[in-house]
Structures are given as C-alpha cells and as structure tokens.
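A.B. asks: Handing you this structure, nothing more for now.
The values are calculated or read from the model by the stated rules, or taken from the named source; none is laboratory data. As the structure is a computational prediction, the values presented were derived from the model and not from experiment. Here Cβ is always computed from backbone atoms with ideal geometry, including for glycine, and neighbour counts include all displayed protein chains. Heavy atoms of the whole protein, side chains included, go into the accessibility calculation; ligands, DNA and RNA do not. Shrake-Rupley method; radii C 1.70, N 1.55, O 1.52, S 1.80 Å.
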Amino acid sequence: MTETIPRPRPQGSQAAPATPGTLICAPLRIEARAVRRGLEAAGEHSANPPEVRRTGYGTTRAARVAGQLSHEPFGQMMIMGVGGGLSTDLSPGDLVVGTGVGAVTCASAPILAGELRRAGLPARTGRITTVDHLVRRSQRAKLAAEGWLVADMESAPLAAAAAGRPVAVIRAVSDTPHHPLAGIVSGGLAALHSLRAAAPVAQRWAAACGTRQVLLAGPRSFCAGVERAIEIVERVLERQGPPVYVRKQIVHNTRVVGGLESRGAVFVDELDQVPDGATVVFSAHGVSPMVREEAARRGLAVIDATCPLVSKVHAEARRFAADGYTVALIGHAGHEEVEGTLGEAPGSTVLVQTAADVAALRPRDGERVAYLMQTTLSVDEAAEVAGALRERFPAVRAPGSDDICYATTNRQVAVRAVAAESDLVLVAGSANSSNSVRLVETCERAGTPAYLIDGAEDIQLDWLAGVSTIGLTAGASAPPAVVEEIISALSGLGGVSVSERVTTTESIRFGLPKEVRR
Ligand code: SF4
C-alpha cells in the first residue's frame, strides 16, 4: 500500500531553492523583538537561521503582506504573536498552538505543543480564529462556544500565504475572559515572556520540517485479546451503566484507559476498592487464584477479560506443578501477567529473567524442570533464557505450544522488517506495555533507533532532523487511531508518503464470556 499526503506547491511559484529557509512572521514590533531575543538567548547556531519578519498589525496589513509572501521561496512558515484567549480556563502567558486557522490546517500542532510542554511552557492545541477587531467580553463567550480557543487579527491570511508549505501558529495569550483588556499590560508581558521562551522550540520545529517516507509495519496495533477485553468493558458499561469497576488497567494503554474512564469505567488497583456486591472486570493480563477467591468471598460479580492465551499459560503452570515439576517462568518481575501466573502454583514456580537466574535455580529435582513464558516477551531474549535452561537441564519440558503469543511474535517480525529500511522507528504504545517496549528493543537490537510514544505529542523534534524514512508501528494494546494521528502530525512537517510492509495477516478472534454475549 502506498499513499501520498501531498505538499502542494504554491500556485505560480518557481522551483524551491536547495535549502529553503524558515520565515517567522510576527505582526507587532514587540512580538518580533521577543522572538528574536528568544532565538539569540538560546544561542542555537544554524547554517540557515530563521528570518523573523514583522508583518504588521491587523487583518488588512496581514492580507497585504500575505500577497507578497506567497511568492517568496521560504521552506516553512511559523506565525508567532500574542492573542486573546476565549476559553475561561486559559491564563495570560499560556501558549496556544493552532490546529487550524482560517482554511489552513496546521497538522504538526500536537508535536509542537508537546515540545513546548517538554520545554516547561504551558502549551495546548486548539483552533485559532482571525477577526478584524479587538474581541470584547460578550463576543469571547460566543466564539468560545463555537470551539475557538484564541482570537487574533493576522494569522489566517498569513497562514494562507504558506500555500501548502509547512505552517504552524503559536499565539501567547495576553488577555482572557477573566483577565480582559483592562489587564492587557500585565497579561501582555506574560505573553511576550512565553513567546520569547517558545522561540528556540520554533527553530527546532523548522529544523524538523522536510518531506519523508513513512513505512508502516503490518501487523500492528490491537490484537484479538485486547479487542476482546475492551469490548467486554464496553458491553458491561452498556448493560449496567457506570460505574463499572475494572481491576488494574484493562490493557496497558493510556488512551484506551482514558477513553473508558470518560465513559464510566473505574480502574482500581485492588478489590478492596470495589464496593461489596458490585461487578468487577478482570483485566486482559489475568489474575492469580487468590484474587478470584477474594472476589468470591466478597460476593463480587466477576467478568473475566483475561486473554485466552494468558489463561492457557496459567493452565500449563497448574498442569506442570501437579505433575511434580519445578516451573521456571521466563518473564519480567512485577508485570501483572507474571504475578497472575506465579500465583497459579506459587510453591512450584520460580521467575527467571536472565541466564544468570537459570544458573542460580535450585529445583527439587533437576530431571523434573519445565519452563513457561510471559506472552509478551521478546522472542530473541526469551530464546536466550530458554537455551540456558536446556543447557543446564537437558530434560527440561517446554510448553506444548509457544507461550509468546502470535500477536507479540508477528509485531516483532513486522517491525524488524521496517527497521531494516528506516532511519528511526516510532512505536505507538504506553510505557507500561510490555509488548510495546519489546518492539523498541527489537529495533534497537537491529541497530535502528526507536522511540516509544503514547501519541504524536511525544515525538521530539530533534529525533526528526535529517531523518527521511520513519518506520511506524503500534503495540498490541495501542489503538489504530493513534497511528493515523501520528501520520497526520508528521504530514504537517512536510509531504509524507506512506507505504506498508506486511509480513503476515491476522484473522484470530476470541469469543466473549457468557455474561456479555448478546
Ligand atoms: S498480546 Fe497476546 S496474550 Fe496479550 S492480549 Fe494480545 S493476544 Fe493476548
């Protein structure tokens, strides 16, 4: 699959110069001065530093300048100035990065806002409207109700002059509904201070602009166990209404958990946080028998979203232990799945994380050792530990079929394929997602830098400078929409051509527990 998100050339323009520069438009003299000082203070030297141009106050001047700019051969445009806050939760000095202004979409806004926040600045994304007069109190509420976050008097015509080239808008809030124009002096100072502090980030944004290829790993994103677990919570919410208690995160992804929380799911660490008699959902990672017993003792109605492939490992642990084996569980300490599996046969199961742990293992009977694996391990890493077990205990029993699940294996194979062709790989997933972290490690082992990101806002601009091919995948718990969001944000830095490398296709589906079947 190849899809190109084009970066149209400006109408009537000539071919771009070899190293097209960055134009920072600042309408007022004091705004241009704040930006210049911010660039100077940062002391960042570039062979092609941005040009900061004062473009004049108000829509009429902005439109006149825009008419000239559209014929200029700059590579990317940043608009920086102060603006009037429309939302009541804004404060003077807050930075608003425009997701769109007028008819122009500023797709890189999430990346830019994330970079500003990492620089310690109060930044958020939102829609910016350009008006031809100062906004008074009653009009603020009306514009806010229409979904605008900030009003200014120049951005829309200036952004249109970018004519398809990368464009971003940063407006520092000078006045708000609670600090209206009467307080504009103190608010204006706070805004100029933020604008100055944002200037080095604007320069990094410019350095990250450029056309790129994105290679998508296939398969990626949700597996059958995660889809099933999410559907279980959604169905319980539909049937019983909120609150619906879920022990631990249903799957290890902040977006998924946040989305379900907003619909009434309540995630708890332990069952003592669940009221007597309530319904509780067990997460996809599984629980130990002790947790099930406690739920029964408390009279809780349990709906089990444990992935069937995790349940399979639990059953193997019980079977080996019943046959008198010492079970070496290859996995990571503290992971919920590991805790659940260890709890199935606590007297017979020992966690081994490394070959050194294997050397230290003291089984009851060296002829009766078996091993099992956490489902989301790195295939290579687990093979090393399993090899050490086979070497030390030649009669060691292996699981009947692979414990590392199909989804983990498939995503590692797929990401290895794109890593081989990429300058860097972005892995969508949360920090506590084991299979997502393993994808990063798989790339690094293949010699390609890789970064774990929850979303586009976590992309650091320095990663992208000079990078022309980006591999992109998502862990088994990361929603497909995040991948789309990342591609869209990258396209705001320049044209992006998207291709997919499919190493296998998946068709596995798991049935739902009887409590939520329709
Ligand atoms: S990653 Fe594997 S074990 Fe975990 S939920 Fe998905 S299919 Fe199940």
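A.B. asks: Based on the Cβ-Cβ distance from residue 362 to residue 145, what FRET efficiency comes out when R0 is 56 Å, to the nearest 0.05?
C.D. replies: 0.20
A.B. asks: With all distinct Cα pairs included, what does the Kirkwood hydrodynamic radius of the range 37-132 come out to in Å, to one decimal, could you say?
C.D. replies: 15.4 Å
A.B. asks: Then there is this: What FRET efficiency comes out for residue 506 versus residue 89 if R0 is 41 angstrom and r is the Cβ-Cβ distance? Round to the nearest 0.05.
C.D. replies: With R0 = 41 Å, the Cβ-Cβ based efficiency is 0.45.
A.B. asks: Note the full-extension length gain between residue 117 and residue 445 as 0.36 nm times their separation in residues minus their Cα-Cα distance, in nm to one decimal.
C.D. replies: 115.0 nm
A.B. asks: Assigning unit charges at the beta carbon (Lys, Arg +1; Asp, Glu -1) and nothing else, what dipole magnitude in debye, to the nearest 20, does the range 28-101 show about its Cα centre?
C.D. replies: My answer is approximately 380 debye.
A.B. asks: Find the centroid of the Cα atoms in the range 367-410 and in the range 313-352, then give the distance between the two in whole Å.
C.D. replies: Centre-to-centre (Cα) distance: 12 Å.
A.B. asks: May I ask for the distance between the Cα centers of the range 46-77 and the range 198-274, given as a whole number of Å?
C.D. replies: 40 Å
A.B. asks: For the range 422-506, what does the alpha-carbon gyration tensor say about shape, rounded, prolate or oblate, given a ≥ b ≥ c as the root eigenvalues, a/c under 1.5 as rounded, and a/b over b/c as prolate?
C.D. replies: Because its axes are fairly even, with a/c under 1.5, the range 422-506 counts as rounded.
A.B. asks: As a test of the formula, what do you get for the chain when each DSSP H run with n ≥ 4 contributes -39,500 (n - 2.57) and the sum is divided by the residue count, at 222 nm and rounded to the nearest 500 deg cm²/dmol?
C.D. replies: Only helices count here, giving -11500 deg cm²/dmol.
A.B. asks: Take the solvent-accessible surface of the protein heavy atoms, probe 1.4 Å, and return the percent of it on the range 269-375 that carbon and sulfur atoms account for.
C.D. replies: Here carbon and sulfur together make up 52 percent of the probe-accessible area.
A.B. asks: If the chain between residue 391 and residue 231 were fully stretched, how many nm would it gain, using 0.36 nm times the residue separation less the Cα-Cα distance?
C.D. replies: Contour length minus the Cα-Cα distance gives 53.3 nm.
A.B. asks: Can you give the three extents of the C-alpha atoms in the range 66-180 along their principal axes, from longest to shortest, in whole Å?
C.D. replies: Projected onto the principal axes, the Cα atoms of the range 66-180 cover 42, 34, 19 Å.
A.B. asks: Go through the range 236-324 and name the trypsin sites (Lys or Arg not before Pro) that are in a DSSP coil and have 14 or fewer other Cβ atoms within 10 Å of their Cβ.
C.D. replies: Passing sites in the range 236-324 are 263.
A.B. asks: Where a Cα-Cα gap under 27 Å defines reach, which lysines qualify for residue 514, not counting those fewer than 8 residues away within the same chain?
C.D. replies: 248, 312
A.B. asks: Per q in 0.14, 0.16 Å⁻¹, report the Debye log10 I(q)/I(0) for the range 371-438, using one uniform scatterer on each alpha carbon and no solvent.
C.D. replies: Log-scaled intensity ratios, in q order: -0.51, -0.63.
A.B. asks: Right, next: How would you order 148-160, 223-235, 61-73 from highest to lowest mean count of nearby Cβ atoms within 10 Å?
C.D. replies: Ranked by mean Cβ neighbours within 10 Å, highest first: 148-160, 223-235, 61-73.
A.B. asks: Measuring with a 1.4 Å probe in the full set of protein chains, what accessible area per residue, in whole Å², belongs to the chain?
C.D. replies: Accessible surface, normalised per residue, equals 41 Å².
A.B. asks: Could you give the length gained by full extension between residue 481 and residue 64, i.e. 0.36 nm per residue of separation minus their alpha carbon distance, to one decimal place?
C.D. replies: Between residue 481 and residue 64, full extension yields 146.1 nm more.
A.B. asks: Where q = 0.17 Å⁻¹, what log10 of I(q)/I(0) comes from the Debye formula for the range 212-254, counting one point per Cα?
C.D. replies: -0.59
A.B. asks: Which of the listed residues, 334, 321, 476, is farthest toward the dipole's positive end in the chain, when Lys, Arg count +1 and Asp, Glu count -1 at the beta-carbon?
C.D. replies: So the residue furthest toward the plus end is 476.
A.B. asks: Name all residues of the range 307-340 having a backbone nitrogen under 19 Å from the label point set 7 Å from the Cα of residue 273 along its Cα→Cβ direction, giving them as ranges.
C.D. replies: The answer is 334-340.
A.B. asks: With the dipole of the range 108-224 worked out from charges on the C-beta (+1 for Lys and Arg, -1 for Asp and Glu) around the Cα centre, which of 217, 193, 170 lies farthest toward the positive end?
C.D. replies: 217
A.B. asks: May I ask you to list the lysines whose Cα is less than 23 Å away from that of residue 142, ignoring any residue fewer than eight positions away on the same chain?
C.D. replies: none
A.B. asks: Residues with amide H under 5 Å of residue 351's amide H, sequence separation 5 or more or different chain, H placed in the peptide plane at 1.01 Å from N; which?
C.D. replies: Placed amide hydrogens put 329 under 5 Å from residue 351.
A.B. asks: Considering only DSSP states other than H, G, I, E and B, which GluC sites (Glu not before Pro) in the range 24-84 qualify as loop sites with at most 14 other Cβ atoms within 10 Å?
C.D. replies: Answer in residue order: 44.
A.B. asks: What nm distance separates the two modelled labels at residue 189 and residue 33, each placed 7 Å from Cα along Cα→Cβ?
C.D. replies: Distance between label points: 1.5 nm.
A.B. asks: If the viscosity is 1.306 mPa s and the temperature 10 °C, what Stokes-Einstein diffusion coefficient in µm²/s follows for the chain when Rh is the Kirkwood radius over Cα pairs?
C.D. replies: It comes out at roughly 62 µm²/s.
A.B. asks: Beyond 25 Å, what percent of the Cα pairs of the range 376-518 remain?
C.D. replies: I get 37 percent for the Cα pairs in the range 376-518 exceeding 25 Å.
A.B. asks: Follow-up. Along its three principal axes, how long is the range 280-423 when you only count alpha carbons? Whole Å, largest extent first please.
C.D. replies: Principal extents (largest minus smallest coordinate, Cα): 53, 43, 24 Å.
A.B. asks: Let me ask something else about it. Per residue, how big is the convex hull of the range 285-369 when only Cα atoms are used? Give it in Å³.
C.D. replies: Cα-based convex hull of the range 285-369, divided per residue, equals 96 Å³.
A.B. asks: Let me ask another. In Å and on Cα atoms, what radius of gyration and Dmax does the range 59-113 show?
C.D. replies: Reported Rg and Dmax, both Å: 13.5, 40.
A.B. asks: Then there is this: Are there any helices in the chain, counted as whole DSSP H runs, that stretch 27 Å or more along their axis by Cα and score at least -1.0 on average by Kyte-Doolittle, and if so which?
C.D. replies: Helices meeting the span and hydropathy rule in the chain are 184-208.
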